[in-house]
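> Shown below is the structure under consideration.
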Amino acid sequence: MSLPKRYLITSALPYANGLKHVGHLAGAYIPADIYARYLRAQKRDVVFVCGSDEHGTAIPIQATKEGTTPRAIIDKYHAAMKQDFEDLSMSFDIYHRTSEPIHHETAQEFFTYLNDRGELEIKETEQYFDEEANSFLADRYIKGTCPNCGSDRAFGDQCETCGRTLSPDELINPVSTLSGKTPVKKKTSHWYLPLGKHEQFLREWILEQHKDDWRPTVIGQCKSWIDGGLQSRAVTRDLDWGIKVPVAGADGKMLYVWFDAPIGYVSATKQWALDNKKEWEPYWYDKDTKLVHFIGKDNIVFHCIIFPLMLKLHGNILPENVPANEFLNLEGDKMSTSRNWKLDMRDYINDFVKQENGGTQCVDMLRYYLTQIAPETKDSEFMWKGFQDAVNSELVSIFGNFVNRTWVLMHKLCGGKVPRLHEELLDDTDRGLVEDIRLARKKIEGLLEEYKFREALFEVIDLSRKGNQYMQKKEPWIVAKQLATNPDAQKSIDNSLHLCLQLTANLAILINPFLPNTARKMLHMMKVVEKMLDWENAGKMNLLSVGYVLREPQLLFRKIEDTEIAAQIEKLKSGLTKMEEPKKEEVKPEVPAKAEIQFDDFAKIDLKIGTILTAEKVEKADKLLKLSIDLGTETRTIVSGIALHFAPEEIVGKQVTVVTNLAPRKMRGIESNGMILMAEDKAGKLHFVQPGSMIDAGSSVS
Ligand SMILES: [Zn+2]
């Protein structure tokens, strides 16, 4: 089979209503990134697109929750998600957003194209309408009693208590969340995509053509959708946030977010082409393009049935594959944002990557573990202990150890240079290692082409394990003791280290799609340029030239300590929000004790006594006060979440304890430089932690 001319890779557009957790990362982003990096190393023509999904009801709902505008919400979360992806070395060619004009135009053109050709149908239905707010109500804006469990906290689309999917008509005593009034039924018309008309095409294309190359779980879900009867799906809705329906007289109607979001891949490609002076059309129209969508399993129906149908009707190419991942659970339970049982990418970045002993090695450690447990065929589990084991007993003890040993011995026994190979002395063990390297490349390549990323990564680690075994057999440090007596001793040492060095260069190439930062660190140690990472070099045994002087070894990975794991588990458990607890009578639980720390950990915190000089409310943030605090030698601005507990005027002049070396943090646009310590009593009232009497501002606390 000949190779496609070009590749277009997409990762599911994350919804811009909150930070994303590592389950998302494992599902739709890391696998896509590995694939894109592999293809680039193969020098194939590849564009990798992603962006924020910024429409739909969840955006205005989040805005109400945060007391701000939808625009502010998407700006905030778009920027945050973009930053998180960058911090975790995602290599999108573009990270776009669906609020851009180019996307609105593209989505509207799609709609018009289908509508003009009679591919959409118009239907009149009755929907709930809030007369006071003069607005049709999206499902999420209707609250009522759940017909299933009787909870009065059910929404028009789902009951938050029992989890059952609902339609607004099923709710008992529906109430509008906009006005609190009972909504009325009102007639409205909308455009629909008649999926049923295309059942034959979908059956053939998915269940026949792709039955062997798509993942069984993907085929299974598609089959049950098609067999269950394909209903027409509304393409438009009554809402005031989104992309306007480009038809005269359709005021107040927007494209449904499921319709506009996947078109975001197209508009992102257009923007990428504009930015890079390329043509975008071949990526979406030329049959020689291989389109691959990386998603989580909750997106299968959209990416395998609905969007492909839209693409077909619009004259575009269809996806070649949709390697959807299953879900990633966390410490034995489903990840959930509402219950706060999750690990946000941002939390990992702050707790590991941004720490003094962190950096890009911690990025690669997470990428490693998430690939190793990737839920490719079934749900899998993120366990902190598993993370620690993966890092300590695989990355550190196998891969890192092999590279480090090679370097240390090369410096000790070969003068820090690549030793020459004495062909006449090569034995079967040497030849076996060369063969292992050649085979590993083939295997890894085959697995990556089939989207089997966890197996491919296993093969890379396994090759470094073989390196360790080889070293163990050859024992150059023992041979070194015979240097005075055995004339071939140095030659034997040269041979083993020559081969181990070439293996290290190969490992850099093979690990690069998975752990790009590690590969670059290895390049630095080898003093070679990035070009060496080209995939065509894998399997070669002359990557490092004889006599070439190499750098000192650097540790590739640090160990993860027990205390770090304990602290994460503690943090997870103490942050858990219980859904069923009535908020008001809530009795404050005793704050659970945190994991034991060493004195050195405590000594890292710089505490000082400060005096509050000014205090003012922060606009549009009812919990925040902006304080300026005298610390003796300087005045600091600190934003503190205490506005509900203290009036600004009553705290001016008070002394407080300040953590002065906390990394600055922006809150509501104000940079906060430090944190004030507070004590919370049983009744939930806050108190400053103060010295017994007024002392000099800037006095240190230890
Ligand atoms: Zn219920």
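> Which number in (1) within 16 Å of the ligand (Cβ to nearest atom); (2) surrounded by fewer than 16 Cβ atoms within 10 Å (Cβ to Cβ); (3) not in a strand (DSSP E or B) marks the one condition that G180 misses?
G180 satisfies all of (1) within 16 Å of the ligand (Cβ to nearest atom); (2) surrounded by fewer than 16 Cβ atoms within 10 Å (Cβ to Cβ); (3) not in a strand (DSSP E or B) except (1).
> Same structure again: Confirm whether Y470 is within 22 Å of V403 (Cβ to Cβ) and either touching a helix residue (DSSP H, G or I) at 6+ places or on another chain (Cβ under 9 Å) or of a type in the set (G, A, S) (or both).
Criteria met by Y470.
> Show me the helices (runs of 4 or more DSSP H) found entirely inside the range 424-531 where at least 1 residues are touching a Cys at 6+ places or on another chain (Cβ under 6 Å) and aliphatic (A, V, I, L, M).
Details: elements: 428-449, 453-474, 476-479, 489-511, 516-526.
In the range 424-531, the matching helices (runs of 4 or more DSSP H) lie at 489-511.
> Still on this structure, I have one more. Quickly run through the range 402-446 and pick out the residues that are touching a Ser or Thr at 6+ places or on another chain (Cβ under 7 Å) and surrounded by 14 or more Cβ atoms within 10 Å (Cβ to Cβ).
Of everything in the range 402-446, those that are touching a Ser or Thr at 6+ places or on another chain (Cβ under 7 Å) and surrounded by 14 or more Cβ atoms within 10 Å (Cβ to Cβ) turn out to be F402, V403, T406, V418.
> Also, quick follow-up: Cβ contacts < 6 Å: first residue closer than 30 Å to V322 by Cα and not assigned by TED's automatic domain parsing to the domain that holds N401, restricted to the range 451-479; second residue charged (D, E, K, R) and surrounded by fewer than 22 Cβ atoms within 10 Å (Cβ to Cβ), any location; separation 6+ or different chain. Result?
none
> Here's something else I'd like to know. Would you check if there is a residue in the range 408-422 being among the β-branched types (V, I, T) and under 30 Å from Y548 (Cβ atoms)?
First pass over the range 408-422, keeping only residues among the β-branched types (V, I, T): 408, 418.
With under 30 Å from Y548 (Cβ atoms) added as a condition, the list becomes 408, 418.
Looking for residues that are among the β-branched types (V, I, T) and under 30 Å from Y548 (Cβ atoms), one finds at least one in the range 408-422, hence yes.
> Report, by residue number, each residue of the range 264-303 that is in a loop (DSSP other than H, G, I, E, B), farther than 13 Å from F48 by Cα and not aliphatic (A, V, I, L, M).
Narrowing the range 264-303 to residues in a loop (DSSP other than H, G, I, E, B): 277-280, 286-288, 295.
Remaining after also requiring farther than 13 Å from F48 by Cα: 277-279, 286-288, 295.
The answer is K277, K278, E279, D286, K287, D288.
> State which residue pairs qualify: first residue assigned by TED's automatic domain parsing to the domain that holds T145 and inside the range 157-174, second residue of a type in the set (V, I, T) and within 9 Å of the ligand (Cβ to nearest atom) in any location, beta carbons under 9 Å apart, and separation of 6 or more residues or different chains.
Filtered contacts from the range 157-174: L171/T145; I172/T145; N173/T145; P174/T145.
> May I pose another question? If we only count strands (runs of 3 or more DSSP E) wholly inside the range 93-168, which ones have 3 or more residues that are within 16 Å of the ligand (Cβ to nearest atom), buried (at least 18 other Cβ atoms within 10 Å of the Cβ) and more than 27 Å from the chain's Cα centre (by Cα)?
Of the strands (runs of 3 or more DSSP E) lying wholly inside the range 93-168, those with at least 3 residues that are within 16 Å of the ligand (Cβ to nearest atom), buried (at least 18 other Cβ atoms within 10 Å of the Cβ) and more than 27 Å from the chain's Cα centre (by Cα) span 142-145.
The values are calculated or read from the model by the stated rules, or taken from the named source; none is laboratory data. Here the structure is a predicted model, which is why all the values come from computation and not from measurement. Using ideal geometry, Cβ is built from the backbone for each residue, glycine included, and neighbour counts are taken over all protein chains shown.
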